[in-house]
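Note sheet for the following structure.
Laboratory data are not the source of any read-out in this text; all were calculated from the coordinates shown. Everything quoted here is computed from the prediction, not taken from an experiment. Neighbour counts are summed over all protein chains in view; Cβ atoms, including those assigned to glycine, are modelled from backbone coordinates with ideal geometry.
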2 protein chains.
Amino acid sequence: LQSGQDHEFIDSFEALHDFEMAQVYAELPVQFRAVAWRLLSIAILATVFDNLAVDEVDIVALLQEMPPQRGAQVLQAMYTDNAVDLLQEMSPRQIATYLSLMPKSEAESARQLINYDDQTAGSLMSTEYLAVKEDLRVDDVMRLVKKQALEAESISYVYVLDRQGLLVGVISLRDLLTHPDNLPVSEITNDRIISVSAGDDQEQVAQIVADYNFLSIPVTDDDQHLLGVITVDDIVDVIDEEAVEDYSGLAAVNVSQINDSPWHSAIKRIPWLIALLLLGMATATVIGSFDELVKQAAILAAFISLITGTAGNAGTQSLALAVRRIAVGSEHSGWQDFLSEVLAGLLVGLATGASVFVIVTIWKHNLILGFAVGIAMMMAILVANLAGYLIPLIIHKIGFDPAVASGPFITTLSDLTSVLIYFNVAQLFISQLSGS
Amino acid sequence: LQSGQDHEFIDSFEALHDFEMAQVYAELPVQFRAVAWRLLSIAILATVFDNLAVDEVDIVALLQEMPPQRGAQVLQAMYTDNAVDLLQEMSPRQIATYLSLMPKSEAESARQLINYDDQTAGSLMSTEYLAVKEDLRVDDVMRLVKKQALEAESISYVYVLDRQGLLVGVISLRDLLTHPDNLPVSEITNDRIISVSAGDDQEQVAQIVADYNFLSIPVTDDDQHLLGVITVDDIVDVIDEEAVEDYSGLAAVNVSQINDSPWHSAIKRIPWLIALLLLGMATATVIGSFDELVKQAAILAAFISLITGTAGNAGTQSLALAVRRIAVGSEHSGWQDFLSEVLAGLLVGLATGASVFVIVTIWKHNLILGFAVGIAMMMAILVANLAGYLIPLIIHKIGFDPAVASGPFITTLSDLTSVLIYFNVAQLFISQLSGS
């Protein structure tokens, strides 16, 4: 970036795809970036910041490399959803600084958007959409589309508002292009609007967009005022984010950052492991309390891990199905659904318990041992299955993400119930088992 | 659907969103559907079938409710990617029947597309794209866009081909709308094309589209011939599908179908559980072989589930991180990466082992026991961590989806290594432990 080569830099930078610009900008050495933000236009800088991922780079630090005035200009030129994401990463003091440098109306609208919860439709929407009055003709609307096309985040749909500014319909650009200029747009306006509320959960919004194959979806308030639009690129990110969350939950480790140092990687695994360890101590205590039983029949120890392991596996399956059922919004918390899960658990328990009975009886030539282990296995699986089913449901009912009920939590909890069941069953048969 | 109300039915059906049409059509009683496919136009029926999900309804049965001639017409009118998905659900005999009823050229192109593997870019692409020669003006291209807009699956980008039909650039509809009519399109053609090959893995394609925020991406052969286009709605489905696969893998149960009957739900869980049970028997055998040790120190039994459980949890974390790392394409299989994982495993093992040492020593007033359990825990965690890291990497290297290495498999395997480590360590200390 020596002088004289400025134009070359600008030209080759602007030839990049938006995503690449952002990657290159973030990876420039800091002293080059100090030149770059002076050379590049506000519009290009806005594109750069629009394409930086908040969770991958320290986007606030990048913005603060510029004087606040320029930073505020970039924020203004960004799509509102991205600008708000960026602002949400800042301290209240920093937010106030930037907002004070923006025009009153923009600052006010940004302030409102910042208040939407991270996981809601409101946090995803941008206010750069195309909207027209209802009494126009196709060519009038096309003129407006052409005029506003550069600012709008998506030009695939034009929203139709009535005199009160309420959303009454939507026109696709495809229909605009394939109908005669003088047609009233009311003829091609679809008034069966599918919209979401600003407070709606982002996962539900993503489901609608995925089902309907929309390229964007409008966000309205209770009176059908159009508040903003969510575009499909944000939906792609939401689906990915939610999947990572569910996956992380099942494994009890956050997998959204995967290129950690060994130190950071260890740090994020240890707290969960220690917490589960404490729960595991309860299981150890239970087994310890049956030490007389173990002394009488050491063979009982051999099946501890078989029973806890298998019940844990069954519980994990049941948990995964329950979390997924809640995620796609098809949970039925009625008795029928519960009974259906009990029945599935019984079937799974019976099949697995019977297998264990046969294997252990033949292997150890001990019918009583096989029977005790088989019965314990069946009961342990049934309980683990129900825990895997009920715990995410309860967590969901009290308003949390069911994905926090991790697989390792369920398996560790089911270890406890499994050994309780196992040793209590074994106790019943101890007179026939002792000495084996 | 009584006679006389036909028009009413058609009108109200066509007023629905495409997705809703498909839902309604699939849920009609079969005798009504027999009337419906006679009333509805081929274009509307094609939209219905375009919007039916192959994995949710028996789409082949729905198509076969019509005479083969009409079915073939619907297939022809569908977007190629969806038509091919549908054909791929059929038997070779059924495929041959439908293709024989199509025009030769269409049948031939469908036959080629059917051969692309389910998980590749080729299976996602449709051939209904907008393409123009390079030496046109903006208004020429807009005329072509308007003419073909109804057939194209996406109108957001127009692809530019040279005289040999090779892909040389892409023009966005936004740029077409915001530039003067008489401008040569070469001025607004982006020649930095991002394209994928037909054989590319769908997950990688999805990653590119997600990163670049594309609305569609071209698929080319090795010579840059344009083969087709993948639209973002298919990418949304891919991301969801891949997430469900990874999640299912981690839990050892297929969660893509969640509204199974108890019977089906049990059937899909049992095979995995029984398979893992057999692996678990190996662990039981190992513990059984140490029964003399257990008789001497029954307290050892108390910590079996603590060690196997905690090591299993650590292995699951490590597995989840490894699978995710491979999924986003950032796996480095070099020594440095391996050492980094060993180091993380050591840190996790040390922290957890030390915690166990402290807890057990204080709780049981037995320094030797605490030391033995702590050391065994540390080693068991290190081994489980490495298994969780290496197994998906190996599976990936030999060409399978690493997600098949399920969490329950890793935990069950780590049960085996954990008890081996535990009892061998305990053996070293047995003279000080016996009697406790």
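Hey, what's the Kirkwood Rh for the protein assembly as shown if you take every pair of different alpha carbons, in angstrom? Before the final figure, lay out each step's value.
Values: mean 1/r = 0.0331 Å⁻¹.
Result for the protein assembly as shown, one decimal place: 30.3 Å.
Under the Karplus relation 6.51 cos²θ - 1.76 cosθ + 1.60, θ = phi - 60°, what is the ordered set of whole-Hz ³J(HN,Hα) values for region B:123-132, x standing for Gly and Pro?
6, 9, 7, 10, 9, 8, 10, 9, 9, 9
Near residue A:295, which aspartates and glutamates are there with a Cα under 19 Å away, not counting those fewer than 8 places off in the same chain?
Cross-link targets: B:291, B:292.
For residue A:130, list long-range residues whose amide hydrogen, built 1.01 Å from N in the peptide plane, is under 5 Å from its own amide hydrogen.
A:159
Test of understanding: what is the full-extension gain from residue A:179 to residue A:35, defined as 0.36 nm times their sequence separation minus their Cα-Cα distance? Could the numbers behind the result be given before it?
Numbers: separation 144, 0.36 × 144 = 51.84 nm, distance 4.88 nm.
Extra length available between residue A:179 and residue A:35 comes to 47.0 nm.
Restricting to DSSP H runs of at least four residues, report the calculated mean residue ellipticity at 222 nm for chain B, -39500 (n - 2.57) per run over all residues, nearest 500 deg cm²/dmol.
That calculation yields -20500 deg cm²/dmol at 222 nm.
Above 16 Å lies some portion of the pair distances; for region B:131-231, what is it as a whole percent of all C-alpha pairs?
Everything past 16 Å amounts to 56 percent.
Using a label point 7 angstrom from Cα along Cα-to-C-beta, what distances in nm, from shortest up, separate residue A:367 from the other copies?
5.3
Return the percentage of antiparallel bridges among DSSP beta bridges fully within the protein assembly as shown, rounded to the nearest 5 %.
That works out to approximately 75 percent antiparallel.
For labels at residue A:394 and residue B:431 in the simple 7 Å Cα→Cβ model, what's the distance in nm?
Each label point lies 7 Å from its Cα, and together they span 5.0 nm.
Between exposed trypsin sites (Lys or Arg not before Pro) in chain A, where DSSP calls loop and at most 12 other Cβ atoms lie within 10 Å, what's the longest gap?
By the stated rule (loop sites, at most 12 other Cβ atoms within 10 Å), A:193-436.
Label points 7 Å out from Cα along the Cβ direction at residue A:339 and residue B:225: separation in nm?
6.2 nm
Taking only C-alpha pairs under 8 Å that are 6+ residues apart, what is the relative contact order of chain B in percent? Can you show the working numbers first?
Numbers: 594 pairs, mean separation 50.7, N = 436.
Relative contact order here is 12 percent.
Roughly how big is region B:85-196's charge dipole about its Cα centre, with Cβ charges of +1 (Lys, Arg) and -1 (Asp, Glu), in debye to the nearest 20?
Values: 11 positive and 18 negative charges, 45 e Å.
Rounded to the nearest 20 debye, it is 220 debye.
For chain B, find the longest principal axis of its Cα atoms and tell me its angle to the long axis of helix B:304-327, 0 to 90°, nearest 10.
30 degrees
If the reach is capped at under 18 angstrom between alpha carbons, list the lysines near residue A:397, excluding any in the same chain fewer than eight residues apart.
Here the lysines satisfying the reach criterion relative to residue A:397 do not exist.
Would you mind checking the tilt of helix B:262-289 against the longest principal axis of the Cα atoms of chain B, expressed as 0 to 90 degrees and rounded to 10?
Roughly 30 degrees between the two axes.
List the lysines whose Cα sits under 16 Å from the Cα of residue A:147, skipping any in the same chain fewer than 8 residues away.
A:133
Put a point 7 Å out from Cα along the line to Cβ at residue A:282; what are the distances to that point in the other copies, in nm, shortest first?
From this label point to the equivalent ones elsewhere in the assembly: 3.2 nm.
Could you please report the charge total around residue A:183, scoring K, R as +1 and D, E as -1 over all other residues with beta-carbon less than 15 angstrom from its beta-carbon?
My count for the surroundings of residue A:183 gives -3.
For region B:131-231, calculate the relative contact order in percent as a whole number, restricting contacts to Cα pairs under 8 Å that are 6 or more residues apart.
Values: 148 pairs, mean separation 26.8, N = 101.
The normalised contact order for region B:131-231 reaches 27 percent.
Net charge within 10 Å of residue B:309 by Cβ-Cβ distance, Lys/Arg positive one each and Asp/Glu negative one each, not counting residue B:309 itself?
Result for the neighbourhood of residue B:309: -2.
When each copy gets a label point 7 Å from Cα toward the beta-carbon at residue A:35, what are the spacings between them in nm, shortest first?
7.6
With only Lys, Arg, Asp and Glu charged, each at its Cβ (+1 for the first two, -1 for the last two), find how big the charge dipole of the protein assembly as shown is about the Cα centre; round to the nearest 20 debye.
3560 debye
What FRET efficiency do you get for residue B:65 and residue B:404 if R0 is 41 Å and r is their Cβ-Cβ distance, rounded to the nearest 0.05?
0.65
Other chains near B:183-193: what is the mean number of their Cβ atoms within 10 Å of each residue's Cβ? Don't skip to the answer; put the middle values down first.
Values: counts 0, 0, 0, 0, 0, 0, 0, 2, 1, 4, 1.
Whole-number average of other-chain Cβ neighbours for B:183-193 is 1.
Tell me, what ³J(HN,Hα) does each residue in region B:58-63 have, in order and in whole Hz, if you take phi through Karplus 6.51 cos²θ - 1.76 cosθ + 1.60 with θ = phi - 60° and put x for Gly and Pro?
After applying 6.51 cos²θ - 1.76 cosθ + 1.60, I find 7, 5, 5, 4, 4, 5 Hz.
Once amide H atoms are built 1.01 Å from N in the peptide plane, which residues 5 or more positions from residue B:168, or in another chain, come under 5 Å H to H?
Long-range HN contacts for residue B:168: B:160, B:161, B:162.
Å³ per residue of the Cα convex hull, for region A:262-433?
Cα convex hull per residue, to the nearest whole number: 135 Å³.
In degrees between 0 and 90, to the nearest 10, how far off the longest principal axis of chain A does helix A:18-27 point, with axes built from Cα atoms?
In chain A, helix A:18-27 runs at an angle near 70 degrees to the longest axis.
Let me confirm one metric for peptide A:112-119, namely the mean number of other chain beta-carbon atoms within 10 Å of its residues' beta-carbons.
0
To the nearest 20 debye, what is the magnitude of the charge dipole of region A:131-231 about its Cα centre, counting +1 on the Cβ of each Lys and Arg and -1 on the Cβ of each Asp and Glu?
Taking the Cα centre of region A:131-231 as origin, the dipole is about 460 debye.
Simple spin-label model, 7 Å along Cα-to-Cβ: residue A:365 to residue A:100 in nm?
Distance between the two pseudo-spin positions: 8.9 nm.
Want the number for residue B:285 to residue B:192: 0.36 nm per residue separation, take away the alpha-carbon distance, what's left?
Stretched fully, the residue B:285-residue B:192 segment lengthens by 27.3 nm.
Using amide H atoms built 1.01 Å from N in the peptide plane, name the residues 5+ places from residue B:189, or on other chains, whose amide H lies under 5 Å from its own.
When sequence neighbours closer than 5 places are left aside, there are no close amide H contacts.
Can you give the average number of partner chain beta-carbon atoms within 10 Å of each beta-carbon in peptide B:347-358, as a whole number? Don't skip to the end; give the middle numbers.
On the way: counts 7, 9, 3, 2, 7, 6, 0, 0, 6, 5, 0, 0.
Mean inter-chain Cβ contacts per residue within 10 Å come to 4.
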